[in-house]
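Down below is the structure, laid out as structure tokens.
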Amino acid sequence: MQQRIIILDFGSQYTQLIARRIRELNTYCEIHPYNKFPKDRQDVIGVILSGSPYSVNDPEALQIDLSEIRGTYPLLGICYGAQYLAKTSGGSVASSNTREYGRAQLVWHDDADPLMHGVRDNSTVWMSHGDSITSTPAGFANVGSTADVKNAAYRIEGELTWGVQFHPEVFHSEDGLVVLGNFVKEICGSHGDWTPASFIESTVAQLRGQLGDDKVVLALSGGVDSTVAAVLLNRAIGSNLTCIFVDNGLLRYHEFEDVLASYADMGLNVIGVDAKDHFYSQLAGVTDPEQKRKVIGRGFIDIFDREAQKLTDIKWLAQGTIYPDVIESLSITGMVIKSHHNVGGLPEKMNLKLVEPLRLLFKDEVRRVGRELGISQNLIGRHPFPGPGLGVRILGEVTAEKVRILQEADHYFIKGLRDNGLYDQVWQAGTILLPIRSVGVMGDERTYENVVALRAVNSTDGMTATWSHLPYEFLGNVSNEIINKVRGVNRVVYDISSKPPSTIEWE
Ligand code: XMP
């Protein structure tokens, strides 16, 4: 049976990171709101209490009843979790005189403690809390301290419970992964067998059971998530899966043809729909960015619905929803699942049941599963691309001619990044067509033409981003190429804004 670690979320900014680190240890884990310990728990091998923005001394601090957990499952409290365990056992927590934020050196006191096997003495750990545990009740063995925090790590005697004031999940905690590995593997007894191959095997079996001989439809976007979802479903149910790939006229240069060809090579049953004209006519005269998004989203639903109606006996709609989409909406006060941005509203409209084979995976795991499924690096390593496509990169009204200009300019930029080995060094890159013209000179003639902006950013999740320091020479060459080859462009600029305060997309 699959083993599972439960992370109870008290709202820390690092909760997702704990989950990702544990998955890196090839152990399956799930995040649940702090007060929703799952009822179905025969596969649970351990529990982690996360950090929190609250102080345990706040009147509104989040409280839970640990009686079903403590002593029954191995338990690790991190930061707030550790303080909560100490305080509710009769210890005390106070806001420290010397608030310890950032790096600190951890000294271990008990070499035999299983949580610290292989952790170097004086290794750097990351602290991020204004409170410290000032006294611990009987039965708490102090196993580690830093210069300012005496009870930086403790063990509760007679149970498999530990608390750490520092954050083992963050990168700056040097031996943090060793600490988590000790907890998950040595203390909880994880077999470490959650791998892409095991995920594929169990998911394919589960999809076969769930779907039987039913027919399924899936919207492909050319992106990583929908592609991996499709290949996985194809492995499970073969030709009972039909994919629809819509050309909304806002894809990249030659993208529709190229991606369609790769899908065919992978053996997917794909219907390619050329709906460019439909989208351009719906977008005529629309200049407001949010309005454009709505028009594009609605256009997609209309076309997808029209095509899906032509298929017979469809019972399921498959989507490439991934874990961050699911947990983002699992607020710690309730549980509301966000509908997927591109196809929201479809399941109800079409009266279909939803199947989401990737809803347990983080993005990097989706990529690993994709590689294991044999999907080419060209598809797996693609930069993120917004659902509304070039629609939000053409500022102002979208027309077929503007799409042509932007596709060509973007093509030279992206090709340049690939040819120069820079593509994988940036997180996302794209080109924006500005709604202004500027004066130039070509040969003896004055020109009055379009300006395009190049954008390349480094990021981990798109929430924050810094502009990429691409080499000047590279930028110069791309600029020359675009201005020489793309009819209608006589000026190229490079966007040097970070997010925040800017965003990645211009609209
Ligand atoms: P921003 O512009 O908000 O973008 O900094 C963050 C990330 O989200 C992508 N993005 C979108 N993706 N539909 C999408 O599917 C959208 O409407 C949309 N807007 C932005 C953007 O490309 C970046 O990766």
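For this structure, a couple of remarks:
- In the range 179-242 the Cα-Cα distances spread across 5 Å bins starting at 0 as 4, 16, 19, 18, 13, 9, 9, 8, 5, 0 percent of all pairs.
- Among the chymotrypsin sites (Phe, Trp or Tyr not before Pro) in the range 157-206, those placed in a DSSP loop whose Cβ has at most 16 other Cβ atoms within 10 Å are 171.
- Distant alpha-carbon pairs in the range 130-195 (separation over 20 angstrom), percent: 36
- Proximal charge balance of residue 143 [Cβ under 10 Å; K/R count +1, D/E count -1]: -2
- Note that the chain presents 44 Å² accessible area per residue, ligands and nucleic acids not counted, probe 1.4 Å.
- Which of 444, 175, 148 is most accessible, then next, and so on - probe 1.4 Å: 444, 148, 175
- The chain: angle of helix 224-237 to the longest principal axis, Cα-based, in degrees nearest 10: 80
- Three-way shape label, the range 1-58, alpha-carbon gyration tensor, a/c 1.5: oblate
- D (Stokes-Einstein, µm²/s), Kirkwood Cα radius, the chain, 0.692 mPa s at 37 °C: 129
- For the residues 445, 401, 505, a 1.4 Å probe over the protein chains yields an accessible-area ranking, largest first, of 445, 401, 505.
- Cα gyration tensor, the range 260-334 - rounded (a/c under 1.5), prolate or oblate: oblate
- Of the listed residues 173, 376, 96, the order by accessible area with a 1.4 Å probe, largest first, is 376, 96, 173.
- Neighbourhood charge, 12 Å Cβ-Cβ cut-off, centred on residue 351 and excluding it, Lys, Arg +1 and Asp, Glu -1: +1
- Spatial offset of the range 14-65 relative to the range 266-291 amounts to 42 Å, using the alpha carbon center of each.
- Scaled against the 2.2 N^0.38 Å expected of a compact globular protein of N residues, the Cα radius of gyration of the range 50-147 reads 1.11.
- Filter on 402/499; 415/485; 215/310; 363/402; 402/485; 215/276 - keep pairs with C-alpha separation over 24 Å: 402/499; 363/402; 215/276
- Chain lengthening between residue 315 and residue 298 when straightened (0.36 nm per residue, less Cα-Cα): 3.9 nm
- Taking Cα atoms only, the orientation of helix 15-24 departs from the longest principal axis of the chain by about 90 degrees.
The values are calculated or read from the model by the stated rules, or taken from the named source; none is laboratory data. Worth saying up front: this structure is predicted, and the values here are computed from it rather than measured. Note that each Cβ is placed from the backbone with ideal geometry, even for glycine, and that neighbours are counted across all protein chains shown. Note: areas computed on protein heavy atoms with side chains; ligands, DNA, RNA excluded. Shrake-Rupley method; radii C 1.70, N 1.55, O 1.52, S 1.80 Å.
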